[in-house]
Every structure is written in C-alpha cells, then in structure tokens.
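For reference, the structure is listed below as structure tokens.
The values are calculated or read from the model by the stated rules, or taken from the named source; none is laboratory data. Quick caveat, the model's predicted, so the values are computed rather than measured. Because the Cβ atoms are built from the backbone with ideal geometry, glycine has one as well, and the counts that use them run over all protein chains shown.
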Amino acid sequence: MGKFSRMGNDLYTGRKSINFVGRKWLWYSISGVIMVLAVLGVAVKGLDMGIEFVGGAEYKVVNVPAGSMQQSAVDDLRDAVAGTGFDAAQQPVVTTSGNDGILVQVKPVTAAESREIATVIQETTGVDPGDVNPTEIGPSWGKEIAKRSAIGLVVFLVLVVLFIWAYFREWKMSVAAIVALAHDIVITVGVYALSGFEVTPATVTGILTILGFSLYDTVVVFDKVRENTKNLRESRQSYAEAANLAVNQTLVRSINTSIVALIPVGAILYVGAVQLGASTLKDLALALFVGMAAGAYSSIFIATPLLVQMKSNETAVQQAERRAAQRRKALEADRYAAVPTFTEDMPVEDEPGFDEDEEGAPVSGGSARPPRAPEAMGRGRIAPAPTRPVQQSAASGRQQPTRQARSKRGKK
C-alpha cells in the first residue's frame, strides 16, 4: 500500500485530520477574493457574446475546392478574415459544411465591411464571387436562446433545492448547496470575461453540466455528514468535528474524481483552443474545466463549513458541542485517561533503525528514530507526590491479621 493510500486510510479513520471546518474564514476569504476578481472582470471587461446572442453576418461558401477543405486552409481563411482589421471580424467562426461548403460567421458589420469580407473569403478560398452568399443574422434568435437558458437554469436550481430537501430532510443543506453552485457560476463567468472567450450556446451547455457535477460532489459529502452526525451522543463528537471528519473521509475520493474528470476536459480544451481553433470545442471545454475545478473546491471548502455554521444555533448541536468540550477538558485534566486499550487490530510501530519503502516494506539502514517516552503503567492514574521521606513503620514487626474462612470466623 503506497503512501497516498495510507494517508487516505488515516484520513478516513480519523488518525489524521485536516481542519476544513475550523478554518472556514480562510476559505471564505480565498473564495471572496476570487469572486471579487470575477465580478470586476465582468463589470470592466464584459462578456464577449457570440453572434447567436447579439446577431451578426454569416457567409456560406459553396463549391469549395477540395484543397480548401483541409484544416490548414480553414485556419488560413480564419486568419484572413481576422486580418481585415474590422472589430466585428476579430474572432470569426469558420466551420466546414458538407463536402464542399464553409460557413464564416462574424459579428454585425456594415454593408461596406460585409462586401470587403466577402471579397477576402472569395480570394482566399478560390471560389467564384457568386459562390459566397452573405446572410444577416438578427439578435432575436439569440434573445430566445438566452431566455430559454435562463428558464432552464431556474428550473434546475428549483429541482436541486427540492431534491436535497427531500433526500436529507434538511433545508439548510439545500441552502449550502445553492450557495456553492452560485460560487461556481460566478467564478466560471468571471473567467470567461477575463479570458476573452466568446459566450456561445456551448458555454450555456457547459455551465449547466458543471452544476450537475458540483451538485454530485456536494451530495456525496453531505451524505457522509449525515451518516456521521446521525447519533452525536453515542459518537461523543460535536457536529463540527463529525462534519469535518466526513470531509476528510471523502477528500481522497473527491480529488481522484476531479482529476479523472479534468484530464480529458483539459485535453479537449487544448485541442480546441490551440490545435483546431474550434470555437464550439474550446467554449464548452473552458466552461467544463473551470466549473469542475470550482465545484470540487466549493464542495469541500464552502458547502460543508457553511452548513456547520448555519446549524451552530440549533439546540441539539449546541448540546453536543458542550459535551465534546467537557470531554476535552476532562482529557486535558488527566492526560492518561485517553490511553487506548490493546486490540488485535492496533497498528504496530516500526522498529527503530528501519524505514519503509513505497510498498510499505521495512528497509534496513534507515535513520534511527528517537526512543519512545516511558509509557504509563497500572490504571493510568498519576500517583500523588510524597509530602515527606518514606520511613519504616512501627507496625512492621507486629503480626499482621490474616483472612479466615467464613466457617471459622468467631471460633477459637
């Protein structure tokens, strides 16, 4: 078993613990700084809305020679349209259509700019002037897409609240999950504003997808929180301690799930943005990548600490906190009272002078560890300090009474 597996086992059993709940203000501060930067990016730089939302011009090129249908020729056409110098054509969307067609989309342009762009397309692809057909795209379709996207988002959030409330029977968990989802949306939108990527229908699809991913991770953590806090009196823990243990128990799983999901999405983002320059791929991949990373962070560092903070005023939680505080105080007063009893599955410490390899096997020649401190003996109580030197008792030479059987007591 490797070191990472041993660490995961120690986190699950509680032998090691990362204080996520106790450091909630640190996590809130980090998220607050990131969200402020995201909001400033949207307010100052703004979102670069695609032609699906603001309208624009579309040029359909037909009868394209076979040589112009290759990826390199498509990239050259994109660079040529962007090289016209028009602001509306700085980020053209160029895609192939069928076996001999190409679609070029730009933002709203004037009639003169449209004619010049059509000429550049015709010269770059080598088609006849009549094979380039410009079409104006109005913003009404984009408004309809935006309206439907907003409706879908609202319906999704309502269903999330109802699902979490019905599953956990706890409305505070629903509030914490919604706050975590809002955290992910704000960060994703801010990254889009700061990076200059266009907001397209693929972006909306990616945002709805990351909400599902973030919710899934949050529900897993909350399910473990409910399991650990089901019987606080028997567990002898406070609600915060039990919830923090739940986060530690699901930490390795959340990290592994996030890494496995982010690797292919990162590959799609690289291919779409660098290799192919495909707008649909890079828009979708950027939303997925940023949202998944933010969702994994919010499930661990935002949702659970916020849940514990909201439940801190409940009577049962306060009583559990007082019991845990009294237990800690008693342990501090008698530090040997917490010495565990021997069990068959108790971990055995390694011998001094031995280290472990990556597989956990002992390797001789390692650096010697410091000797152990003497362990407590007897019942684990601290013997009182003597008030005077021990002297020989005057009764040491007398005959001491002996215990007799009950049948012989009182008989001579």
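Structure above, values below:
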{"quantity": "Lone unmet requirement of (1) of a type in the set (A, V, I, L, M, F, W, C); (2) at pLDDT below 75; (3) not assigned by TED's automatic domain parsing to the domain that holds residue 108 for residue 33", "calculated": "(2)"}
{"quantity": "Verdict on residue 193 being touching a Gly at 6+ places or on another chain (Cβ under 9 Å), in the same structural domain as residue 43 (by TED's automatic domain parsing) and more than 28 Å from residue 260 (Cβ to Cβ)", "calculated": "yes"}
{"quantity": "Members of segment 11-25 found to be modelled with pLDDT of 70 or more and of a type outside the set (Ser, Thr, Tyr), listed by number", "calculated": "11, 15, 16, 18, 19, 20, 21, 22, 23, 24, 25"}
{"quantity": "Residue list for segment 57-84, filter: small (Gly, Ala, Ser) and at pLDDT below 80", "calculated": "66, 67, 68, 72, 73"}
{"quantity": "Test: residue in segment 311-333 that is at pLDDT 85 or above, out of contact with any Cys (no Cβ under 9 Å at 6 or more places or on another chain), surrounded by 15 or more Cβ atoms within 10 Å (Cβ to Cβ) and not hydroxyl-bearing (Ser, Thr, Tyr)", "calculated": "yes"}
{"quantity": "Out of 268, 187, sole residue that is under 30 Å from residue 50 (Cα atoms) and within 16 Å of the chain's Cα centre (by Cα)", "calculated": "187"}
{"quantity": "Residue 182 being at pLDDT 80 or above, in contact with a Gly (Cβ under 8 Å, 6 or more places away or on another chain) and over 16 Å from residue 311 (Cβ atoms)", "calculated": "no"}
{"quantity": "Unmet criterion (only one of (1) touching a residue at least 60 places away in the same chain (Cβ under 8 Å); (2) at negative phi) for residue 56", "calculated": "(2)"}
{"quantity": "Residue among 26, 40 that alone is over 30 Å from residue 235 (Cβ atoms), hydrophobic (A, V, I, L, M, F, W, C) and surrounded by fewer than 19 Cβ atoms within 10 Å (Cβ to Cβ)", "calculated": "40"}
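Matching residues to (1) touching a strand residue (DSSP E or B) at 6+ places or on another chain (Cβ under 8 Å); (2) of a type in the set (S, T, N, Q):
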{"site": "125", "(1), (2)": "yes, yes"}
{"site": "129", "(1), (2)": "no, no"}
{"site": "154", "(1), (2)": "no, no"}
{"site": "168", "(1), (2)": "no, no"}
{"site": "185", "(1), (2)": "no, no"}
{"site": "194", "(1), (2)": "no, no"}
{"site": "197", "(1), (2)": "yes, no"}
{"site": "203", "(1), (2)": "no, yes"}
{"site": "211", "(1), (2)": "no, no"}
